[in-house]
Structure formats: C-alpha cells, structure tokens
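Notes for the one structure printed next.
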Amino acid sequence: MEVIIKADYDEMSREAAKIVASLVRRKPNCVLGLATGSTPIGLYKELIRMYKEEGLDFSKVITFNLDEYIGLPRTHDQSYHYFMHDNLFNHINLSPQNVHVPDGMAEDPEAHCEWYEEQIDEAGGIDLQVLGIGGDGHIAFNEPGSSLASRTRMKTLTQETINDNSRFFEKIEDVPRYALTMGVGTIMEARICLLLCNGSKKAATIKKAIEGPVTAMVTASVLQTHPRAIFVLDEAAASQLELKDYYKWVYNNKPE
Ligand code: F6R
C-alpha cells in the first residue's frame with residue numbers, strides 16, 4: 001500500500017493525473033478503469049489539460065467505468081454515461097468504441113453484467129482502476145456487506161449513499177435505488193488500484209479503509225490486500241491517519 005498525502009484537492013488531482021499519464025505514456029493501449037462522482041473531476045480536468053497542452057495520447061486507451069444507475073438513460077444528465085462524456089471523454093481523443101460504461105437500461109441486467117466482465121477479460125484486464133470512496137467506505141457501489149469476492153452485478157444503494165448522491169438530483173426521491181456495479185473481486189483484479197479521497201468529511205472513513213481491519217463492512221479496506229494499491233489523499237482526508245507522518249516520510253524519501 002502506498003499512501004500519498006498532498007496539501008489540497010488540486011495537488012491531489014495533479015498527483016493522480018501524473019500516475020495515470022505515466023501509464024498512458026508507458027503503455028499507450030492500456031486499459032483504464034474509471035470512476036464518477038465529485039472526487040475524480042480534478043483528475044479528469046488535469047488529464048484534459050495534459051492532452052491539450054502536452055499531447056497526451058488516448059487514441060489507443062480502452063476504458064471501463066465502475067458503475068451506472070439503473071433506470072437512467074444515457075442522455076440523463078445524472079447518468080454516469082453522461083457524466084463521463086461531459087467531464088472527460090468529449091474533451092480527449094478516446095475512440096468511442098474503446099469506451100465502456102455499464103448500461104443502466106439493459107433489458108437483462110444479469111446478462112449485461114456477465115457480458116461486461118467478458119469485455120474486461122477480452123481487453124486483457126484493467127491496468128489501472130481509479131476509485132473514489134463513499135462515506136460508508138464503499139468502492140464503486142459495493143455497499144457495506146458486499147462480498148469481497150463479488151463480480152459485476154446489480155446492487156441496492158444504502159440510505160447513506162442515496163442521501164450523499166441526492167446533492168446531484170432535484171429531490172431525493174429522484175435518486176435511483178439500484179445500480180450496476182463492478183464487484184469487489186472485479187476491482188481487485190486491476191493491476192493497480194488508485195483511490196482518491198479529499199475533505200475532512202471522509203477522514204474517519206479513509207482511516208477505517210487504510211488502517212482498520214479488512215472487512216466487508218468497509219469494502220475499500222480490502223485494498224490493504226492488493227499488491228499495488230495507491231491512495232492519494234489531501235491533508236484534510238488524511239487528518240485522522242495514525243501513520244500519517246510515516247507515509248509522508250516514505251513518499252519524501254522515495255528512491256528516484
Ligand atoms: C462512482 C463510484 C463511487 C464514488 C463514491 C464517492 O463511480 O464508484 O464509489 O467514487 O461514492 O463519490 P464522491 O466522489 O462523489 O464523493
């Protein structure tokens with residue numbers, strides 16, 4: 001586990017973008033797993049800047065998104081399909097056929113989830129998975145109690161997640177109750193997991209994920225068992241970490 005602590009949201013986003021960009025340069029046809037939500041918006045902005053100003057080339061990159069609400073068409077401004085196009089895909093040179101977001105309107109969600117897993121396999125597996133973390137410790141929509149071996153499937157959202165996400169909808173009743181989500185097992189197969197977290201509101205949650213016991217009650221905690229999990233945090237999110245100074249020391253003394 002590598003824990004990188006940056007001063008604020010912008011620095012956190014730039015650090016994460018550096019990690020993603022270095023993979024894209026090293027392996028131009030890499031497979032990126034992507035997340036939605038407020039957290040990675042700064043990372044996506046920085047990747048767009050790198051594309052425009054530094055020529056970072058996404059033409060061969062393949063992407064898979066973590067999740068999608070059930071019942072929202074792609075054109076809905078709160079669908080994750082819409083979010084990704086609005087915040088990243090429309091602004092870089094990704095090929096549309098290389099983009100994968102679960103289809104929340106799939107007639108047979110179970111078959112669609114199986115197909116989604118097959119597409120990931122056919123692409124050679126995910127090289128780097130970008131993750132956020134929910135207030136209840138979830139990664140993707142793997143809410144507390146999700147099997148740590150779970151695969152892509154339909155999940156019911158917790159009340160906490162519905163409340164958290166209601167900020168994007170006109171009224172709380174509009175927040176979908178169900179989602180399609182990669183499973184914890186699916187995420188754990190990514191070669192690198194890159195989790196971003198900012199803000200004091202999530203300080204207690206990120207402490208549980210990084211320094212608490214590995215438990216299905218905080219699905220992000222399973223990343224402690226991943227061979228290459230990188231957490232990029234801002235100071236506020238890191239404020240409750242017991243080994244905060246040690247993480248900083250390790251980062252500052254990293255061999256070239
Ligand atoms: C989104 C996702 C979720 C979010 C999490 C944090 O694709 O998988 O797990 O990463 O709910 O959301 P924000 O970043 O909005 O706090």
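Observations on the structure shown:
- Charges were assigned to the Cβ only: +1 to each Lys and Arg, -1 to each Asp and Glu. The resulting dipole of the chain about its Cα centre is roughly 700 debye.
- Average Cα contact separation per residue, the chain, under 8 Å, 6 or more apart, as relative contact order %: 25 percent
- Each Lys and Arg contributes +1 and each Asp and Glu -1, all at the Cβ; summed about the Cα centre of the range 2-104, the dipole is approximately 400 debye.
- Averaged over residues, the count of other Cβ atoms within 10 Å places the peptides 99-106, 54-61 in the sequence 99-106, 54-61, highest first.
- Of all DSSP beta bridges in the range 2-252, antiparallel share, percent nearest 5: 30 percent
- Per-residue [θ]222 nm for the chain (sum of -39500 (n - 2.57) over DSSP H runs n ≥ 4, rounded to 500): -10000 deg cm²/dmol
- Ordering 138, 84, 119 by Cα displacement along the dipole of the range 78-181 toward the positive end leaves 138 in first place; charges were set at the Cβ atoms of Lys, Arg (+1) and Asp, Glu (-1).
- Protection proxy ranking of 8-21, 71-84, by the mean of other Cβ atoms within 10 Å over each peptide's residues and highest first, is 8-21, 71-84.
- Positive minus negative residues near residue 168 (Lys, Arg vs Asp, Glu; Cβ under 10 Å): -3
- Residue 256-residue 54 FRET efficiency (beta carbon distance; Förster radius 25 Å; 0.05 resolution): 0.70
- Cα-projected label distance for residue 7 with residue 114, points at 7 Å along beta-carbon direction, nm: 5.3 nm
The numbers here are math on the coordinates, done by the rules we state, and not lab data. Source: prediction; values computed, not measured. Cβ: placed from backbone, ideal geometry, glycine included. Neighbour counts: every protein chain shown.
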